[in-house]
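The values are calculated or read from the model by the stated rules, or taken from the named source; none is laboratory data. The structure presented is a predicted model; accordingly, all values stated were derived computationally and were not measured. Glycine gets a Cβ as well: all are built from the backbone with ideal geometry, and neighbour counts include every protein chain shown. When the accessible area is computed, the model is the full protein with side chains, heavy atoms only, and any ligands, DNA or RNA have been set aside. Shrake-Rupley method; radii C 1.70, N 1.55, O 1.52, S 1.80 Å.
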Amino acid sequence: AYERRFPTCPLIPMFVASDTVNEYKSEDESIHVIERRCKLDIDAPRLLKKIAGVDYVYFVQKNSLNRRERTLHIEAYNETFSNRVIINEHCSYTVHPDNEDWTCFEQSASLDIKSFFGFESTVEKIAMKQYTSNIKKGKEIIEYYLKQLEEEGITFVPRWTPPVACKLESSTSHTRRPVSPAINIPDSATKEGLNNKEILNTSSSPSEPTAGTPDDKLDADYIKRYLGDLTPMQESCLIRLRQWLQETHKGKIPKDEHILRFLRARDFNIDKAREILCQSLTWRKQHQVDYILDTWNPPQVLQDYYAGGWHHHDKDGRPLYVLRLGQMDTKGLVRALGEEALLRYVLSINEEGLRRCEDNTKVFGRPISSWTCLVDLEGLNMRHLWRPGVKALLRIIEVVEANYPETLGRLLILRAPRVFPVLWTLVSPFIDDNTRKKFLIYAGNDYQGPGGLLDYIDKEIIPDFLGGECMCEVPEGGLVPKSLYRTAEELENEDIKLWTETIYQSASVFKGAPHEVLIQIVDASSVITWDFDVCKGDIVFNIFHSKRAPQPPKKDSLGAHSITSPGGNNVQLIDKVWQLGRDYSMVESPLICKEGESVQGSHVTRWPGFYILQWKFHSMPACAATNLPRVDDVLASLQVSSHKCKVMYYTEVIGSEDFRGSMTSLESSHSGFSQLSAATTSSSQSHSSSMISR
């Protein structure tokens with residue numbers, strides 16, 4: 001079925017043609033390698049193609065079919081602009097190790113842009129768009145050709161056998177074991193560098209039930225190996241929540257182990273688990289947490305003065321993290337780095353912990369889904385109760401509790417001094433009850449006696465600073481030099497840079513002060529596209545048109561038009577004397593966007609002139625039933641300090657001849673993460689020619 005997409009495929013419009021440049025077949029016909037040069041018409045703006053001097057790009061694709069091993073490996077790389085851009089893609093089809101009726105599919109890709117005429121960010125966006133489109137089409141194309149084969153009467157291909165009389169395969173018996181339900185190929189792609197592992201059902205029987213339904217059961221061996229003991233009710237909850245994610249979420253589906261953590265955190269209450277899981281997925285997308293280990297390098301100050309690190313594992317096989325909190329200058333770290341850098345570092349530690357749990361699961365052959373944390377409080381004093389430092393600690397605890405539930409297997413607190421009860425009184429209310437039960441606190445040298453450290457950690461790996469024989473490579477901490485301290489303004493601006501992607505701009509929206517972007521259109525029927533995330537607060541998105549250009553923002557003594565804040569710029573273009581309907585017109589109905597949502601859309605312009613994209617503060621409607629404020633309203637007003645919202649946005653103008661999306665007047669769609677965040681109030685709204693899908 002895969003070979004039928006060559007030399008060209010009508011289901012892939014950009015795939016223009018392909019030529020075979022090399023082909024090899026082994027004598028026994030078990031190996032077939034074919035290399036093709038593929039001609040692609042990339043969906044890129046005409047201006048970019050003109051600058052690059054090409055109309056088409058060429059890729060080399062090598063397909064290696066091994067009938068003996070029953071595998072198909074596909075490698076592809078770009079030939080065009082290979083000295084400027086390096087693209088590598090790998091796909092493989094293999095037989096499931098436990099059930100021969102299933103085919104495993106794995107796909108990964110990497111992108112490295114060295115230089116591209118100053119259009120590096122544009123090329124990155126185009127590459128991601130094309131890769132996303134290919135993933136969306138992948139399942140559709142393979143099913144199209146499978147159906148085509150069935151219509152031609154081909155429903156079975158005999159397995160390859162060696163051309164000798166003695167066939168080893170017939171003399172060996174193969175026992176089939178039940179396997180876990182299949183997972184459908186996702187409708188949207190992962191970003192570069194991420195694997196997309198799914199399982200395809202190749203059974204030809206249409207009457208079989210769809211895999212992944214609540215009626216299915218997980219394989220007992222799979223549960224024992226990767227998930228741990230589950231009751232039938234717990235197993236059912238996991239399957240139902242996973243199925244719901246598959247049906248509603250267009251992005252990366254969390255692994256069963258991760259879903260199970262959220263279920264356990266809410267005592268297997270599906271509604272409560274789904275709510276916090278949705279919020280966590282939205283948060284991960286908004287802050288790009290999935291890529292933190294690969295894209296973020298901790299500042300040298302953290303590497304030198306953050307007294308924490310991974311150190312072998314405990315007796316249960318859990319990864320062991322050692323934190324010498326008493327030796328750490330929390331005030332110095334906050335003053336030198338700010339809260340966001342500290343938070344990001346803690347997130348990277350948690351992401352590394354998840355990876356180590358997966359690795360230890362493979363090493364020990366049993367499910368390991370949490371880690372042990374050993375906290376040494378030797379040296380803890382009143383300096384550690386510095387209020388901004390405690391505030392940063394509480395925020396970190398809050399974020400970790402919300403997004404990494406059930407990851408702390410055990411917390412060993414050693415050498416707790418007299419000041420510890422004060423710190424514990426401040427911190428404990430923010431820690432979940434289930435988590436608090438995992439705390440073991442030892443004062444002085446009590447950890448050396450019965451029921452102490454030796455009950456949980458092998459003697460051979462007890463750190464040297466605790467009287468053990470194992471050299472611990474965790475930094476010793478110490479005071480951060482005051483020369484490394486930074487001003488509040490520097491820290492706040494740095495915090496914004498931590499969370500903002502290079503192709504996006506950051507803006508602040510205030511009550512009474514919207515943020516506006518001016519786009520001049522020369523040719524009618526151009527397409528304005530946008531992609532923005534609502535990082536804080538709720539906003540209303542508008543599009544206006546004017547025949548005359550608004551006055552440029554002035555930075556006068558009154559500061560009437562432009563505001564610069566640490567959270568991003570705020571620019572106002574529409575003059576207060578302008579009247580709607582006379583000086584400018586609204587070309588689309590307003591779009592209300594909630595905090596945490598990601599919105600992508602496009603607008604086909606009808607007239608030349610000046611278009612203004614506006615993000616405006618959205619006020620909460622008053623409760624109709626009573627004049628008393630609701631608790632939710634009060635909390636919302638506290639969260640949106642000083643009536644301030646934040647957005648990250650990216651806009652682009654594309655000629656209509658280069659635009660291949662929907663040509664409806666306005667098409668704004670919330671991403672799969674937005675769909676999850678609003679799952680309990682899912683709805684569809686229609687504004688004239690607007691289409692908002694949640």
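Which entries of Lys391/Lys594; Lys137/Lys285; Lys129/Lys362 have Cα-Cα distances beyond 29 Å here? Going by Cα-Cα distance, Lys129/Lys362 fall outside the 29 Å limit. The phi torsions of the stretch 25-34, fed into the Karplus equation with coefficients 6.51, -1.76 and 1.60 and a -60° offset, translate into couplings of 10, 6, 4, 8, 6, 7, 10, 9, 10, 10 Hz, rounded to whole numbers, with Gly and Pro shown as x. The fraction of accessible area contributed by carbon and sulfur in the stretch 2-152 is 50 percent, rounded to a whole number (1.4 Å probe; ligands and nucleic acids excluded). If you take all other residues with their beta carbon under 9 Å from the beta carbon of Ile113, and give Lys and Arg +1 and Asp and Glu -1, the sum is -1. The residues of the stretch 290-483 present an accessible area of 47 Å² per residue when probed at 1.4 Å with all protein chains retained.
Full extension of the chain segment joining Arg159 with Ser585 gains 146.6 nm, where the gain is 0.36 nm per residue of separation less the Cα-Cα distance.
The overall shape of the stretch 290-483, judged from the alpha-carbon gyration tensor, is rounded, with an a/c ratio under 1.5. In straight-distance terms, cross-link reach from Lys646 covers every one of the aspartates and glutamates whose alpha-carbon lies under 17 Å from its own, apart from those fewer than eight places away in the same chain; here that gives Glu340, Glu492, Glu494, Asp495, Glu501, Glu516, Asp531, Asp533, Asp538, Glu595, Glu597.
Residues in the stretch 2-152 average 55 Å² of solvent-accessible surface per residue, probe 1.4 Å, ligands and nucleic acids excluded.
State whether the stretch 220-287 is rounded, prolate or oblate according to the following rule on the C-alpha gyration tensor (a ≥ b ≥ c being the square roots of its eigenvalues): a/c under 1.5 gives rounded; otherwise a/b larger than b/c gives prolate, and the remaining case gives oblate. Taking the square roots of the gyration eigenvalues as a ≥ b ≥ c, the stretch 220-287 is prolate.
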